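For reference, the structure discussed in these notes is given below.
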Amino acid sequence: AAREISRLLKFPSAIKIDTFAKGRVEIMKFQVPVGSDIDDLKVWEVNSKLKCNVLICAVERGADVVIPNGNFILKSGDKVSFIAPPAQSMRFFKAVGIENNSVKSAILVGGGRITYYLAKMLEDSPIKLKVVERDIEQCRKLSDELPNVIVIHGDGSDQQLLQEEGIQQTEAFAALTGFDEENIILSLYAASQSKAKLITKVNRTTFESVVNDMNLGSVIYPKLITAESIVQYVRAMQNSLGSNVETLYKIVANKAEALEFRVGNEPSIIGISLEKLSLKPNLLVACINRNGRIITPRGKDTIEVGDTVIIVTTATGLKDLKDILK
């Protein structure tokens, strides 16, 4: 969870960031702003008009999730997931009209384990952290172990305290207490006071649909992040003979997955151009990593032994690369 939050603080325009190919490729999710250059554009027009090499791989519109084809028209308010190398992501955000500067200051309410790990990860970054924690012993422990962090002993739900500590000026606000209700209220309050990047930790996953409709910024579910890691491991172990699942992310709750496969000897797939493969519907070959060279796949590209391939699909539960075929 701390790793996910640290990525979001470094790339605040994104709602969610998942990395593949040992950090060479990212899937990022963002909301199309009103008046953006991609509002009303067809997917196939995006790269040529914005001069960016990105691949749009999933769109959430209301409750619907679509793996778009080239003629799909993007609209403001859509939550769009795209895949690209980090440098291209930067260029794309700029072209779409989203400023993306890493945040320089953040207030974290709650001084638990996630906050500790996060502060450790950001030790070498220029982000100035303030932690508000109500337990005096925990405050002493944090200030001993995190010399670069300002630790404030106080109640994070005290509006006056938050005002005094600069909630209106902070560039990011993360509600990381042990209580979901408190985190939700804190984030809603921060949204009313500032334009900060919001991060809200929620432990219970049962009210996900309600939570996602609120203005809570990036919602972090530690249980789901943990479950993803376990599923990824189990799927890889299950299939150590064919093509391994190396990485797996739920890019839209239970509706869409992005999987990274290491390609074994799959005669039904290797060496055949993608346009000739009979792929399942709602499935996209989103990226090919060939010895560290990142290929944004087009119809004439092929998959070869030793590649790692990223598949995005709403047909969840793929176990092997050959499952992408009808």
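The values are calculated or read from the model by the stated rules, or taken from the named source; none is laboratory data. Just so it is clear, the model here is predicted, and its values are computed rather than measured. Please note: Cβ atoms are built from the backbone with ideal geometry, for glycine as well, and neighbour counts cover all protein chains shown. Surface areas here come from the heavy atoms of the whole protein model, side chains and all, with no ligands, DNA or RNA. Shrake-Rupley method; radii C 1.70, N 1.55, O 1.52, S 1.80 Å.
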Estimated translational D of region 31-155 in µm²/s (Stokes, Kirkwood radius over Cα pairs; 37 °C; 0.692 mPa s)
189
Given region 50-137, what percent of its DSSP beta bridges are antiparallel, to the nearest 5?
60
Which lysines have a Cα lying under 16 Å from the Cα of Lys94, excluding residues fewer than 8 positions away in the same chain?
Lys10, Lys29, Lys49, Lys51
Estimated distance in nm for a label pair at Glu145 and Lys276, the labels positioned 7 Å out from Cα along Cα-to-Cβ
5.8
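Calculate the tail of P(r) for region 198-326: the fraction of all Cα-Cα distances greater than 24 Å, expressed in %.
Summing the P(r) of region 198-326 above 24 Å gives 35 percent of all pairs.
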Just to confirm my numbers, what's the Cα centroid distance between region 31-95 and region 118-196 in Å?
33
Out of all DSSP beta bridges with both ends in the chain, state the antiparallel percent to the nearest 5.
70
Determine, from the Cβ-Cβ distance of Val66 and Tyr189 and an R0 of 45 Å, the FRET efficiency 1/(1 + (r/R0)^6), rounded to the nearest 0.05.
0.85
Mean Cβ neighbour count within 10 Å, used as a protection proxy, ranking 108-119, 289-300, 29-40 highest first
108-119, 29-40, 289-300
Net charge (Lys, Arg +1; Asp, Glu -1) of residues whose beta-carbon lies under 10 Å from that of Ile303, Ile303 excluded, is -3
Taking just the alpha-carbon atoms of region 265-326, what radius of gyration and Dmax come out, in angstrom?
10.9, 29
Restricting the calculation to Cα positions, tell me the Rg (one decimal) and the Dmax (whole number) of the chain in Å.
20.9, 66
Enter the Cα centre distance for the pair region 243-304 and region 213-233, rounded to the nearest angstrom.
24
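Which order do Tyr233, Tyr221 take by accessible area at a 1.4 Å probe, largest first?
Tyr233, Tyr221
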Cα gyration tensor of region 153-210 - equivalent ellipsoid semi-axes, whole Å, descending
21, 13, 8
Spacing of the two label points (7 Å from each Cα toward its C-beta) at His153 and Lys104, in nm
3.1
Considering the chain as a Gaussian network with a 10 Å cut-off on Cα pairs, which listed residue, Ala256, Ala95, Ala227, attains the greatest mean-square fluctuation?
Ala227
From the square roots a ≥ b ≥ c of the eigenvalues of the alpha-carbon gyration tensor of region 15-104, which class results: rounded (a/c under 1.5), prolate (a/b over b/c), or oblate?
rounded
